[in-house]
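Below is one structure, written out as structure tokens; comments come after it.
The values are calculated or read from the model by the stated rules, or taken from the named source; none is laboratory data. Keep in mind it's a predicted model, so treat the numbers as computed, not measured. Here the Cβ positions follow ideal geometry from the backbone for every residue, glycine too, while neighbour counts run over all protein chains shown. SASA here: full protein model, heavy atoms, side chains in, ligands and nucleic acids out. Shrake-Rupley method; radii C 1.70, N 1.55, O 1.52, S 1.80 Å.
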Amino acid sequence: MALVQLPPIPTLETRRLILRPLEERDASAIQQLFPQWQIVRWLTASVPWPYPSDGATRNMGETLEQLRRGEKYFWAITLKGSDELRGRIDLWPFDGQTRDMRGFWLDPKLQGLGLMTEAANAVTAYAFEELKWPFLYLTNAAANRASARVKEKQGAVEIAREPFSYVSGDGSRQIWLLTHEAWLTRKAADE
């Protein structure tokens, strides 16, 4: 349960992307894109694999209920000029225990173009500038160098590693801390 109820989810815009609230109609696009090894291998072992044919529909019910209750944000990542979901990015408040507050995945055909960094920057700006959160805890599989790179570019600092089970098997995960101050410093350096 969220410690505070989040305000209504906004639509966020970047140079190349529209991040719009996830909707029930996105389930079919998720079912088509999500069950790819490049996407799921570094996700928590609780993600069913092989992914069931109704996996996106079942997950969508839980997701939309959390969104309605104001517990978490879920955005569909879309390219400008198309409303088709091409990935997803999520954000949730610190619960006082779990050091993880954001997650994402992207269509492998779009990886390596800087789009996930662009989406993460928009969501991070919202967390710090609109919600006024002082920090974000972020995680990724230690072997997932691309995800780690997004965090490094934002100014996050690795603070721990711990064992973790992924769809691809047991490994370790990096835990990062991104403070509002570090974000502002990195943002100013990039401008």
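List the residues whose amide H sits under 5 Å from the amide H of Leu17, counting only those 5 or more places along or on another chain, with H placed 1.01 Å from N in the peptide plane.
The answer is Lys80.
Quantify, in whole percent, the carbon and sulfur part of the accessible surface of the chain (1.4 Å probe; protein heavy atoms only). Intermediate values should be presented prior to the final figure.
Details: 5000 of 9760 Å².
Percent of accessible area from carbon and sulfur atoms in the chain: 51.
Averaged per residue, what accessible surface does the stretch 21-146 expose to a 1.4 Å probe, in Å²? Please report the intermediate quantities before stating the final value.
Details: 5940 Å² over 126 residues.
I get 47 Å² per residue for the stretch 21-146.
Over the Cα atoms of the chain, Rg to Rh with Kirkwood Rh, two decimal places? All intermediate terms of the calculation are to be shown ahead of the outcome.
On the way: Rg = 15.8 Å, Rh = 17.0 Å.
We get a ratio of 0.93 for the chain.
Tell me, what HN-Hα J-couplings in whole Hz come from the Karplus equation 6.51 cos²θ - 1.76 cosθ + 1.60 at θ = phi - 60° for each residue of the stretch 25-38, using x for Gly and Pro?
5, 6, 4, 5, 5, 5, 4, 6, 8, 4, x, 10, 4, 4
State, to one decimal in nm, how far the label point of Ala160 lies from the label point of Gln38, with both points 7 Å from Cα in the Cβ direction.
That separation, rounded to one decimal, is 3.3 nm.
Whole number please: convex hull volume per residue of the Cα set in the stretch 5-63, in Å³?
Numbers: hull volume 7.8 nm³, N = 59.
Cα-based convex hull of the stretch 5-63, divided per residue, equals 133 Å³.
Each residue of the stretch 75-86 in order: what ³J(HN,Hα) in whole Hz does its phi give by Karplus 6.51 cos²θ - 1.76 cosθ + 1.60, θ = phi - 60°, with x for Gly and Pro?
So the J values, rounded to whole Hz, are 10, 7, 8, 10, 7, 4, x, 9, 9, 6, 4, 10.
In deg cm²/dmol, rounded to 500, what helix-only [θ] at 222 nm does the chain give when every DSSP H run of at least 4 residues adds -39500 (n - 2.57) and the total is split over its residues?
Numbers: 6 runs with 57 residues, N = 191.
About -8500 deg cm²/dmol.
Once you have the Cα-Cα distance between Ser28 and Leu131, take 0.36 nm times their residue separation minus that, and quote the gain in nm to one decimal.
On the way: separation 103, 0.36 × 103 = 37.08 nm, distance 3.10 nm.
Full extension from Ser28 to Leu131 adds 34.0 nm.
Per 0.36 nm of contour for each residue apart, how much would the distance between Gln97 and Thr185 grow if the chain were fully extended, relative to their Cα-Cα spacing?
Numbers: separation 88, 0.36 × 88 = 31.68 nm, distance 2.68 nm.
Full extension of this stretch gives 29.0 nm more.
The stretch 90-159: percent of C-alpha pairs farther apart than 14 Å?
Working: 1450 of 2415 pairs.
Value for the stretch 90-159: 60 percent of Cα pairs lie more than 14 Å apart.
Using the alpha-carbon centroid of each, what span in Å lies between the stretch 35-87 and the stretch 120-140?
A separation of 20 Å, based on Cα centres.
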